[in-house]
Amino acid sequence: MPASPAGMERAGSYVAVDVAPGRGGYRDTMEPSTACSCSCACFCSCPCSPLGVEAGKPVRHMAALVLARGGSKGIPLKNIKPLAGLPLLAWVLRAAVDAKVFQSVWVSTDHDEIENVAKQFGAKVHRRSSEVSKDSSSSLETIAEFLRHHPEIDIVGNIQATSPCLHPTHLIKVARMIQKEGYESVFSVVKRYQFRWHKNKNGVLEPDNVNPAKRCRRQDWSGELYENGSFYFATRQIIESGCLQAGKMDYFEMGAELSVDIDVDIDWPIAEQRVMRYGYFGKEALHKVKWLVCVVDGCLTDGHIYLSEDQKEMISYNFKDAVGIELLRERGVKVLLISERNCSKTLSAMKLNCDVEVRVKNKLQVVEDWRKKKRLCWKEVAYLGNEESDVECLKKAGTSGVPADACTAAQHAVGFICKCSGGRGAIREFAEHILLLTERSE
């Protein structure tokens with residue numbers, strides 16, 4: 001099951017800036033930025049409002065809407081398939097919620113599991129009808145049906161779940177364009193530098209945008225704008241007229257590194273790499289992890305306990321996990337292993353060179369006392385657990401994770417769900433995740 005917002009890791013975001021005068025549109029740059037930390041709604045006229053709307057001026061109801069049908073043919077249940085430790089849908093919902101420019105954030109779906117994930121990440125759910133849940137149903141038809149059920153909404157920001165590198169600052173800039181500058185439709189694009197060709201009706205190859213006799217260098221060409229599918233914003237009037245792009249219209253240019261679109265399985269590993277490097281991990285800055293607290297039973301091991309004829313306990317562990325622990329130690333991250341059982345002799349025999357706490361009855365209290373003794377803040381602690389008894393520690397840790405076979409309550413509390421099960425490489429996988437986040441924090 002998917003994770004919840006409470007356990008998400010944090011990172012900086014990017015800020016969108018105007019393009020050069022006279023070019024039109026907007027582009028975003030890779031400049032660090034942070035979202036508003038105020039507790040207000042931020043689509044009002046408060047001092048920290050990202051919209052910058054004048055005090056007393058009414059703000060039209062703008063809703064974020066993610067279309068997430070359950071019947072994806074290319075990748076079954078693609079919208080909730082784990083991507084870089086979170087359900088695909090979670091990445092764009094996190095950006096929409098943290099942007100604080102939407103009066104409401106919605107997911108339109110026909111599937112119970114997608115509905116559950118949407119609610120866990122702070123979205124409301126519109127149960128779409130069977131008429132707009134077909135393979136042949138268009139996005140425009142689905143959005144129009146949504147608006148018929150929600151007359152209070154004036155503007156829809158249709159955000160694509162398959163574009164997981166979206167950042168709140170992208171949405172903030174577009175919201176300003178519509179709410180403050182009067183645009184009726186804005187959509188995301190990416191600039192490409194690709195020469196296009198086609199065959200005419202006689203089968204002769206012809207160039208579309210290049211003169212073969214005078215091929216220009218890339219740096220001498222302004223390129224072309226392509227829709228990258230991240231989002232389409234439009235007013236109710238535009239949508240009800242039968243389109244998403246009309247009226248006073250403009251584009252928002254996103255960088256090529258952020259323009260990820262997932263349609264088939266082959267896109268998945270590429271998207272994971274891109275998200276881990278360029279994705280939005282939350283509005284708070286990452287802290288370098290100094291210690292990993294790892295539960296023994298169900299994380300280091302698969303949970304099985306073997307008994308010999310003379311009643312001695314035996315457990316097994318994966319060598320990959322031992323390598324993961326060593327990788328952390330080499331990077332200056334120390335490891336504390338905790339267990340509810342008295343397994344100190346067994347852990348000693350493993351020779352993992354880790355601190356150990358056994359016979360732990362209250363994990364939160366033990367970790368809290370240990371943290372204070374080490375003079376650590378929770379953001380400097382990573383925690384890998386798998387049971388309900390780990391939930392409070394998972395919620396407090398700056399970086400939290402669970403093996404793929406962890407209990408539902410634990411999965412709901414974390415920011416990273418491993419692909420590997422406990423005792424089957426989960427620690428190695430989580431160690432790599434910690435080290436990647438450490439690189440980003442530096």
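Key figures for this structure:
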| quantity | calculated |
| --- | --- |
| Accessible area of region 298-426 divided out per residue, in Å², using a probe of 1.4 angstrom | 51 Å² |
| Efficiency of FRET between N200 and N116 - r from beta-carbon atoms, R0 60 angstrom, step 0.05 | 0.70 |
| Paramagnetic reach from R192 in region 212-246 [backbone N under 13 Å; point 7 Å along Cα→Cβ] | 223-229 |
| Other-chain or far-sequence residues with amide H under 5 Å of L336's (modelled H) | L292, V293, C294 |
| Gyration tensor verdict on region 291-439 (Cα atoms; rounded if a/c is under 1.5, prolate if a/b is larger than b/c, oblate otherwise) | rounded |
| Three-way shape label, region 64-178, alpha-carbon gyration tensor, a/c 1.5 | oblate |
| Given charges at beta-carbon only (K, R positive; D, E negative), |dipole| of region 139-202 in Debye | 680 debye |
| Linear extension gain, K180 paired with V358, 0.36 nm per residue minus alpha-carbon span | 58.2 nm |
| Probe 1.4 Å, accessible area per residue of region 62-278, Å² | 43 Å² |
| Heavy-atom accessible surface of region 291-439: percent carbon and sulfur, 1.4 Å | 47 percent |
| Carbon and sulfur %, accessible surface of region 62-278 computed with the full protein complex present, 1.4 Å | 48 percent |
| Gain upon complete extension [E432, E240; 0.36 nm per residue less C-alpha separation] | 64.3 nm |
| Dipole in debye (nearest 20) - region 112-242, about Cα centre, beta carbon charges: Lys, Arg +1; Asp, Glu -1 | 740 debye |
| Potential extension, R218-I75 segment - 0.36 nm per residue separation minus Cα distance | 47.9 nm |
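The values are calculated or read from the model by the stated rules, or taken from the named source; none is laboratory data. Being a predicted model, the structure only gives us computed values, none of them experimental. Because the Cβ atoms are built from the backbone with ideal geometry, glycine has one as well, and the counts that use them run over all protein chains shown. Calculation scope for accessible area: heavy atoms of the full protein, side chains included, ligands and nucleic acids excluded. Shrake-Rupley method; radii C 1.70, N 1.55, O 1.52, S 1.80 Å.
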